[in-house]
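Participant: Attaching a single structure in structure tokens format; questions to follow.
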Amino acid sequence: YGINSAEFNVTLNQLDEAWGRFMYDLSKLGLDEAHNFNLVLVSDHGLTDIKKNIILNDYFDENDARIWSFNRNLIHLKPITSMDLLIRKLSKIPDITINLRENMPERLHYKHNYRIGDVIVSAIEGVGFIFVPKEPLQINGGGVGSARQTMTSKQLTYDQKKRLYIAVADKASHGYDRIYPSMKAIFMVNGKMFRRNFSSQTPMENVDLYPLMC
């Protein structure tokens with residue numbers, strides 16, 4: 001729904017109330033001051049609103065590459081056409097970064113994972129990808145589905161499908177490059193092993209959480 005939506009704020013209030021009850025119960029049990037109890041609160045990522053949608057079909061299709069993995073701001077591709085032709089087509093997409101697997105920045109701890117594609121296309125902050133599949137898309141009372149999933153309904157044209165995909169797409173997302181401040185996560189701790197009233201100006205990496213807790 002987006003960061004500033006009523007739905008998002010309702011959820012924030014629910015989480016805040018739940019966290020308050022949790023902390024109150026810890027206090028009643030005396031755990032918040034116990035020598036053998038430490039509390040770590042962490043989120044796995046940040047969140048930012050999507051201000052612009054890009055229809056990927058306007059730049060390449062399923063004859064150019066197989067989509068290995070896809071989300072709102074990151075796609076992994078396995079080329080079907082020549083790599084040079086694919087890169088030329090992808091280069092026309094605005095507001096993106098293109099990387100070959102072997103050229104992924106080391107700081108992302110990413111390129112040696114077997115689950116990534118040969119070509120990785122990432123959006124800049126606030127840009128969202130939409131890919132409209134070729135198969136007939138139909139709509140009924142139950143929502144959006146493929147022709148194999150619905151029996152009787154009005155078939156949509158390609159332009160109608162594009163408008164529908166934009167309408168139902170997430171209004172906010174995560175997974176952008178961690179250089180963006182909006183992708184920073186929460187890290188708050190409390191307990192005898194941690195310094196009190198301390199705030200670090202140096203961000204902590206998620207890969208350091210496990211050894212810290214151990």
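The values are calculated or read from the model by the stated rules, or taken from the named source; none is laboratory data. None of these values were measured; they are calculated from a predicted model. Ideal geometry is used to build each Cβ from the backbone, glycine not excepted, and the neighbour counts take in all protein chains shown. Only protein heavy atoms, including side chains, enter the accessible area calculation; ligands, DNA and RNA are left aside. Shrake-Rupley method; radii C 1.70, N 1.55, O 1.52, S 1.80 Å.
Participant: Please determine, by comparing only the residues of segment 5-35 that are of a type outside the set (Phe, Trp, Tyr) and under 25 Å from residue 129 (Cβ atoms), which one is most open to solvent (accessible area, probe 1.4 Å). Can you show your working first?
Facilitator: The first filter runs over segment 5-35 and keeps only residues of a type outside the set (Phe, Trp, Tyr), leaving 5-7, 9-18, 20-21, 23, 25-35.
Subset that is under 25 Å from residue 129 (Cβ atoms): 5, 7, 11.
Details: 5: 19, 7: 85, 11: 65 Å².
Within segment 5-35, the match that is most open to solvent (accessible area, probe 1.4 Å) is 7.
Participant: In this structure, does residue 213 turn out to be exposed (fewer than 12 other Cβ atoms within 10 Å of the Cβ), modelled with pLDDT under 85, farther than 30 Å from residue 98 by Cβ and among the hydrophobic types (A, V, I, L, M, F, W, C)?
Facilitator: So residue 213 fails the test.
Participant: Could you list all residues from segment 179-200 that are of a type outside the set (A, V, I, L, M, F, W, C) and in contact with an Asp or Glu (Cβ under 9 Å, 6 or more places away or on another chain)?
Facilitator: Step one: filter segment 179-200 for residues of a type outside the set (A, V, I, L, M, F, W, C), giving 180-182, 184, 190-192, 195-197, 199-200.
Matches in segment 179-200: 180, 182, 190, 191, 192.
Participant: OK, next. If you take the residues in segment 164-193 that are more than 22 Å from the chain's Cα centre (by Cα) and surrounded by 13 or more Cβ atoms within 10 Å (Cβ to Cβ), which one is farthest from residue 38 (Cα to Cα)?
Facilitator: Top of the filtered list is 189.
Participant: Say whether the condition of being of a type in the set (D, E, K, R), out of contact with any helix residue (DSSP H, G or I) (no Cβ under 6 Å at 6 or more places or on another chain), in contact (Cβ under 8 Å) with a residue 12 or more places away in the chain and open to solvent by less than 100 Å² (accessible area, probe 1.4 Å) is met by at least one residue in segment 36-53. Full working, then the answer.
Facilitator: Applying the first criterion (of a type in the set (D, E, K, R)) to segment 36-53 yields 44, 49, 51-52.
The next check asks that each one be out of contact with any helix residue (DSSP H, G or I) (no Cβ under 6 Å at 6 or more places or on another chain); those that pass are 44, 49, 51-52.
Filter again for in contact (Cβ under 8 Å) with a residue 12 or more places away in the chain, leaving 44, 49, 51-52.
Now restrict to residues that are open to solvent by less than 100 Å² (accessible area, probe 1.4 Å): 49, 52.
Within segment 36-53, one or more residues are of a type in the set (D, E, K, R), out of contact with any helix residue (DSSP H, G or I) (no Cβ under 6 Å at 6 or more places or on another chain), in contact (Cβ under 8 Å) with a residue 12 or more places away in the chain and open to solvent by less than 100 Å² (accessible area, probe 1.4 Å).
Participant: Taking only segment 93-118 into account, find how many residues are within 24 Å of residue 55 (Cβ to Cβ) and surrounded by 15 or more Cβ atoms within 10 Å (Cβ to Cβ).
Facilitator: 7
Participant: Can you tell me which residue among 147, 185 is modelled with pLDDT of 85 or more and of a type in the set (Gly, Ala, Ser)?
Facilitator: So the residue among 147, 185 that is modelled with pLDDT of 85 or more and of a type in the set (Gly, Ala, Ser) is 185.
Participant: Consider only pairs whose beta carbons are under 6 Å apart and that are at least six residues apart or on different chains; among these, list those whose first residue lies in segment 1-30 and is over 27 Å from residue 50 (Cβ atoms) and among the aliphatic types (A, V, I, L, M) and whose second residue is open to solvent by less than 100 Å² (accessible area, probe 1.4 Å) and part of a helix (DSSP H, G or I).
Facilitator: 26/32
Participant: From (1) assigned to a strand (DSSP E or B); (2) open to solvent by less than 50 Å² (accessible area, probe 1.4 Å), pick out the condition that doesn't hold for residue 2.
Facilitator: (1)
Participant: Go through segment 163-179 and give me each residue that's of a type outside the set (A, V, I, L, M, F, W, C) and either in a loop (DSSP other than H, G, I, E, B) or in contact with a Phe, Trp or Tyr (Cβ under 7 Å, 6 or more places away or on another chain) (or both).
Facilitator: Of all residues in segment 163-179, those of a type outside the set (A, V, I, L, M, F, W, C) come to 163, 165, 170-171, 173-178.
Within segment 163-179, 170, 171, 174, 175, 176, 177, 178 meet the criteria.
Participant: Now a separate question. Given the criterion among the polar types (S, T, N, Q), at pLDDT 95 or above and surrounded by 12 or more Cβ atoms within 10 Å (Cβ to Cβ), identify the matching residue among 122, 153.
Facilitator: After applying the criteria, what remains is 122.
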